[in-house]
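The values are calculated or read from the model by the stated rules, or taken from the named source; none is laboratory data. Every value quoted in this text rests on a predicted model; they were computed, and no experiment measured them. Cβ atoms come from the backbone with ideal geometry, glycine included; neighbour counts cover every protein chain shown.
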């Protein structure tokens, strides 16, 4: 049995960063008063009272006005992220604690078998597995390529990262000036700003799972 040539690109799955830190968390909190600011203000007040600190003491430590701290606790205003961090510091509080509820209330998107839809191009079938739009979103496909078929573009790339895994068949991947052959179970990840294309290098159908972030939209 021929040995599959190891891909020169990487042997590890590239990190796909889907969070952009506290600024992202806070932006999402601020969009919904009931789920966001309400819990935020209540948490700040509860910690302050538990530590027997007055509004004035917290305000002085944070370098803001006493009335601003009071308004934040009563959910009358949405403070800037630096103000929020200053208040957390004044309370000796880990900012992550303030956003814990958001992390527990993440959106869950379930796509049942056959609901994702398909896209057909000459020799290639794309079955959508997931699509979460936005700068931090992803899209995923199961791609089936007939013998000799090809997907991608050898002339230009696009912003983001891609990750692929071969389910069955034999693939040849070109990224920029690099080429590698992939067999069943092999995976590869790379920055997608280089021109890249995937070809079926075998006589049988090639099936791969492919993930793109952020979503490209126009697949193929």
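Is it the case, given these coordinates, that residue 92 is surrounded by fewer than 11 Cβ atoms within 10 Å (Cβ to Cβ), farther than 30 Å from residue 205 by Cα and under 31 Å from the mean Cα position of the chain (by Cα)? Spelling it out, residue 92 is indeed surrounded by fewer than 11 Cβ atoms within 10 Å (Cβ to Cβ), farther than 30 Å from residue 205 by Cα and under 31 Å from the mean Cα position of the chain (by Cα). Just one of (1) under 24 Å from the mean Cα position of the chain (by Cα); (2) in contact (Cβ under 8 Å) with a residue 40 or more places away in the chain; (3) in the same structural domain as residue 193 (by TED's automatic domain parsing); (4) at negative phi fails for residue 98. It is (3).
Here segment 142-159 is the region considered, the condition is being within 21 Å of the chain's Cα centre (by Cα) and at pLDDT below 95, and the residue that is surrounded by the most Cβ atoms within 10 Å (Cβ to Cβ) is 157.
Is it the case that segment 166-175 has a residue that's outside any strand (DSSP E or B) and surrounded by 13 or more Cβ atoms within 10 Å (Cβ to Cβ)? Yes, segment 166-175 contains at least one residue that is outside any strand (DSSP E or B) and surrounded by 13 or more Cβ atoms within 10 Å (Cβ to Cβ). Scanning segment 115-127 for residues that are more than 11 Å from residue 149 (Cβ to Cβ) and either touching a strand residue (DSSP E or B) at 6+ places or on another chain (Cβ under 6 Å) or outside any strand (DSSP E or B) (or both) yields 115, 116, 117, 118, 119, 126, 127.
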